[in-house]
1. Among the residues of the range 124-135, is there at least one that is touching a residue at least 40 places away in the same chain (Cβ under 8 Å) and either surrounded by fewer than 23 Cβ atoms within 10 Å (Cβ to Cβ) or assigned to a strand (DSSP E or B) (or both)?
2. Would you check if Glu106 is free of Cβ contacts under 8 Å to residues at least 40 places away in the same chain, among the acidic types (Asp, Glu) and over 24 Å from Arg137 (Cβ atoms)?
3. Assess whether Arg64 counts as being part of a helix (DSSP H, G or I), basic (Lys, Arg), in contact with a helix residue (DSSP H, G or I) (Cβ under 6 Å, 6 or more places away or on another chain) and in the same structural domain as Leu126 (by TED's automatic domain parsing).
4. Report every pair of residues separated by at least 6 positions or lying on different chains whose Cβ atoms are under 7 Å apart, first residue within the range 182-209 and farther than 20 Å from Pro151 by Cα, second among the hydroxyl-bearing types (Ser, Thr, Tyr) and in a helix (DSSP H, G or I).
5. Report whether or not Ala73 is touching a residue at least 60 places away in the same chain (Cβ under 8 Å), farther than 21 Å from Val149 by Cβ and in a loop (DSSP other than H, G, I, E, B).
6. Starting from the range 270-286, take each residue that is farther than 15 Å from Cys242 by Cα and not assigned by TED's automatic domain parsing to the domain that holds Phe91 and list its partners that are crowded, with 17+ Cβ neighbours inside 10 Å and of a type in the set (Gly, Ala, Ser), counting only C-beta distances under 9 angstrom and pairs at least six apart or across chains.
7. Do we find a residue being assigned to a loop (DSSP other than H, G, I, E, B), modelled with pLDDT of 95 or more, touching a Lys or Arg at 6+ places or on another chain (Cβ under 8 Å) and more than 25 Å from Phe91 (Cβ to Cβ) anywhere in the range 245-268?
8. Considering only the range 144-165, state which residues are buried (at least 16 other Cβ atoms within 10 Å of the Cβ), in contact with a Lys or Arg (Cβ under 8 Å, 6 or more places away or on another chain) and either not assigned by TED's automatic domain parsing to the domain that holds Ile25 or not in a loop (DSSP other than H, G, I, E, B) (or both).
Amino acid sequence: MPIQRVFVAGAGLMGHGIGQVHAAIGKVVVLYEPDGARADAGRARIAANLDRAVAKGRIDQVARDAILERVTATSDIGLVRDADLVVEAVFEDLAIKTALWRELDERAPSAAIFASNTSSISIDALAAAVSPVRRERFVGMHFFSPVPVMPLVELIRGAATTDATEGAIRELTAELGKQLIVSADRPGFIVNRILMPLLAEAMHALEDGTGTAEDIDTGARVGLNHPMGPLELSDFIGLDVCLNVMKVLHEGFGQEHFRPPKVLEDLVAAGHLGQKTGRGFYTYPRG
C-alpha cells in the first residue's frame with residue numbers, strides 16, 4: 001500500500017520534525033495534539049524551520065509554501081480515519097503511549113501502518129495496546145533529532161511485524177532520503193543502548209570531580225571527534241528523556257552501567273531538563 005497520508009500524533013520536538021520531512025516529500029500530513037494550541041505551535045515550528053531554509057537558499061518561497069500547505073494542525077483525533085501511516089511521537093512513557101495507541105486503534109483504517117517513534121520502549125509492549133489483527137502492521141520507526149537534519153532511522157520489528165510492513169517502512173525511509181538500520185526489539189534498541197552508558201559515564205565523571213562539564217565535553221569533542229560533548233548532548237536530548245531511557249535499559253538488562261546517575265535524577269527532580277527549560281548541566285542560552 002503506498003503511503004500518501006501521514007497522521008503524526010504529537011507535535012513537539014520530534015513530532016513536528018517528523019511531520020515536516022514527510023510533507024517535504026509530498027505527503028499529506030496531519031499534526032495532532034489534544035490541545036489545539038500545541039498542534040498549532042508544532043505547525044508554526046515547521047514554518048519557522050522552512051523560513052530558515054529559504055533564508056539559507058536551500059529551498060525557494062514556492063516550495064516553502066507548498067510544504068506548509070500540506071500540513072494540517074488539529075486537536076481532532078478522528079482525522080486519523082484517513083491515514084495510511086500513523087506515527088506516534090509522544091513522551092517516552094509506556095502508559096501514555098499505550099493509552100494513545102488504544103484511541104488510535106479504534107479510529108484508524110484497518111490497513112494503516114502504526115509506527116512508534118519510541119527510543120527505548122519495547123515494540124511488543126506497545127503493540128499489546130492494539131487489536132491482535134493490527135499487530136502485524138505495528139513497527140518501531142525511531143527518528144533522531146533534529147529530524148530534518150539527522151539522516152538515520154532505526155526500524156524495530158515486533159514479534160508480529162510482517163515483512164510487508166518492514167518493506168513499506170524501508171521504501172518510505174528511502175523516499176525521505178534517510179539511512180535505515182534494523183534493530184531487534186531489545187531495551188534501547190541499537191543506538192541508545194550504545195549512547196546512554198556513554199552519557200552516564202560522563203555524568204559520573206562530573207559527579208566525582210574528574211573534570212568540569214566544559215572539560216568533559218571538550219574532551220569528547222576534541223579528543224574523540226564527537227560533534228557534541230556528552231553533557232551538552234544530554235541537555236539537547238532532554239534530561240527527562242535521558243532518565244527515562246536509562247531506566248528502561250537498567251530495568252531491561254539489570255546491569256549497573258545502565259543505572260541512571262544521581263546527578264541526572266537530581267536535575268530532573270528539580271525541573272532542570274536541559275535546553276527546553278533553560279537549565280541542565282549548563283544554563284541557556286549559553287554564550
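The values are calculated or read from the model by the stated rules, or taken from the named source; none is laboratory data. Bear in mind the structure is a predicted one, so any value in this text is a computation, not a measurement. Ideal geometry is used to build each Cβ from the backbone, glycine not excepted, and the neighbour counts take in all protein chains shown.
1. Scanning the range 124-135 turns up at least one residue that is touching a residue at least 40 places away in the same chain (Cβ under 8 Å) and either surrounded by fewer than 23 Cβ atoms within 10 Å (Cβ to Cβ) or assigned to a strand (DSSP E or B) (or both).
2. For Glu106, the condition - free of Cβ contacts under 8 Å to residues at least 40 places away in the same chain, among the acidic types (Asp, Glu) and over 24 Å from Arg137 (Cβ atoms) - is not met.
3. yes
4. These pairs meet every condition: Leu199/Ser234.
5. Spelling it out, it is not the case that Ala73 is touching a residue at least 60 places away in the same chain (Cβ under 8 Å), farther than 21 Å from Val149 by Cβ and in a loop (DSSP other than H, G, I, E, B).
6. Close Cβ pairs satisfying both conditions: Tyr282/Ala213; Tyr282/Gly274; Tyr284/Gly274.
7. For the range 245-268, residues assigned to a loop (DSSP other than H, G, I, E, B), modelled with pLDDT of 95 or more, touching a Lys or Arg at 6+ places or on another chain (Cβ under 8 Å) and more than 25 Å from Phe91 (Cβ to Cβ): absent.
8. Val153, Leu155, Thr165
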